[in-house]
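Here is the structure we will look at, set down as structure tokens.
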Amino acid sequence: MKTLYSGVFLSLMVYSCGLFETEDENNNLDIVYIALQDLDQVGIVNSENGDLKVVDIDYNPQMKETPHFIVIDEINRYWFVTTIVSGYVGRYNMDTDELIDTLFIGDSPALMVANEIDKILYVSRMMPGGMGTGSVSTIIHEIDYSDPLKMSTKQEIELGSPAPHGIAINSTGSEVFVTSNTADWIYKISTATGEISGKVMDASIGNYPDNVTQRLKPIQVVSVEDSLLFVTCSAGIWVNPYTGESDTLSGLVQLWNSNTLTLYPHHFQFSWNSSPWHIIQSPVNREVYVVLSGDVLYPGSAGIACLTFESNTLALKWETHSESFETLHGIDVSSDGERIYVSGRKDGNLHIFNGGTGKLERSIPLGNNPLAGGVQVFSSP
């Protein structure tokens, strides 16, 4: 039986003992939150000394929780986690890591973005197969957390495409962007009017929004400078659902104009077994960092890449691979851009890279077969 608040007591001891104090007062201290899916825990790592504490996730004692993704609201001092098997969103006090409340939304909640000013969460859905419980949901949940004690569902936004997994929000909170993992469609949602516009992501197929094609397999989308969207597509081996013919497609990053929802021609291609996964923008440079999840049958295919973007053109700055990486997954970056944090889904480590060169600096074990998922970083001065 898991203990719901075991992480809270450990948290109090950790802070009181100075476990999260930085040795160099001139450097920021990064506190890294990682979803440990198979352990039903969220790990919290001190990047300075590698110390790990855990918060147990136990919302429904009758089943596994499988925490998947974490998002931080630094303004209101909360962190949130989705549980893809039990179907909850949990909210925690960022200063004590104590559970505040949970909200059951069902149907495999996956990724999240937060409007910290209006205290709204937008929650996407799981892609089918491979990562846990599948989902055929076509909705995005909008959650109101303005009440300090109780979250509530504000509305369910119907998109019409299955497995709306990738999700992003612009800097003002006026637009939310979503990609369907199985239909290869991209959507823009006006948060003020509720207006929804969508485009097919692969013109060579040109399918309807409710048709399952799984050709590009978009994983995540990130909004940059309120005018650009970067979309990672894992692609790989594809079987045409209309003809039965198979094809091998390169993993890629697409670049979109978010104002007009049009695709720029200059996407960036990786190898067919690279499986581009999560993506994050550099806080200091015109760069994005891309996780390459890789293929376990091809050692060395997993890694991380840095792409620059000038004149709406993507170019490779550096790319780092190692046979010790196994199925890399989540990613985030320190506020000064100096360190990149990536979770090793199969290898069970938190990998720390130099943001400028891509060199692996350190790997921190996260427990016994944790199946590490989403990563979020809080950089504390």
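Straight-line reach from Lys53: which lysines fall under 22 Å, measuring Cα to Cα and dropping same-chain residues less than 8 apart?
Lys53 reaches Lys2, Lys64, Lys346.
Fewest to most neighbouring Cβ within 10 Å: what's the order for Asp58, Asp101?
Placing the least packed residue first, the sequence is Asp101, Asp58.
Give the lysines reachable from Lys188 as a straight Cα distance under 29 Å; neighbours fewer than 8 places away on the same chain don't count.
Lys119, Lys150, Lys154, Lys199, Lys217
For the stretch 273-282, what does the Karplus curve 6.51 cos²θ - 1.76 cosθ + 1.60, with θ = phi - 60°, yield as ³J(HN,Hα) per residue in whole Hz, taken in order and with x for Gly and Pro?
Residue by residue, the stretch 273-282 yields 9, 6, 6, x, 10, 7, 9, 9, 8, 5 Hz.
In whole percent, what relative contact order does the chain give with Cα contacts below 8 Å and a gap of six or more residues?
Relative CO of the chain lands at 11 percent.
Quick one: Karplus J couplings for the stretch 104-121, per residue in order, coefficients 6.51, -1.76, 1.60, θ = phi - 60°, nearest Hz, x for Gly and Pro?
With the stated coefficients, the stretch 104-121 comes to 7, 10, x, 6, 6, x, 10, 9, 9, 9, 10, 9, 6, 6, 8, 6, 10, 9 Hz.
Rounded if a/c is under 1.5, else prolate if a/b is larger than b/c, else oblate: which is the stretch 27-129, with a ≥ b ≥ c the root eigenvalues of its Cα gyration tensor?
oblate
Once Rh for the stretch 221-340 is found with the Kirkwood sum over Cα pairs, what is the Stokes-Einstein diffusion coefficient at 4 °C and 1.567 mPa s, in µm²/s?
Once the numbers are plugged in, D ends up at 87 µm²/s.
Amide H of Asp51 versus every other amide H placed in the peptide plane: which residues, excluding those fewer than 5 positions away on the same chain, fall under 5 Å?
Placed amide hydrogens put Asn46 under 5 Å from Asp51.
In a solvent-free Debye calculation with one equal scatterer on each Cα, what is log10 I(q)/I(0) for the stretch 131-253 at q = 0.17, 0.22 Å⁻¹, listed in the order of the q values?
Each listed q corresponds, in turn, to -0.89, -1.33.
Stokes-Einstein diffusion coefficient for the stretch 153-195 at 10 °C in a medium of 1.306 mPa s, Rh from the Kirkwood formula over Cα pairs: what value in µm²/s?
146
Among 81-91, 309-319, how do they line up by average Cβ neighbours within 10 Å per residue, starting with the highest?
The densest-packed peptide leads the list: 81-91, 309-319.
Within a 10 angstrom radius of the beta carbon, how do Met112, Met94 rank from fewest other beta carbons to most?
Met94, Met112
Can you tell me which of Ser197, Ser124, Ser293 moves the most in a GNM of the chain? Springs connect C-alpha atoms under 10 Å apart.
Among Ser197, Ser124, Ser293, the largest mean-square fluctuation in the Gaussian network model of the chain belongs to Ser197.
Taking the Cβ of Ala163 as the center, what net charge do the other residues with Cβ under 15 Å away carry, scoring Lys and Arg +1 and Asp and Glu -1?
-1
State the Kirkwood hydrodynamic radius of the chain in Å, one decimal place, computed from all pairs of distinct Cα atoms.
20.7
Throughout, read-outs are computed from the coordinates displayed, never taken from laboratory work. This structure is a prediction, so every number in the text was calculated from the model and none was measured. Every residue, glycine among them, receives a Cβ derived from its backbone with ideal geometry; neighbour counts consider all protein chains shown.
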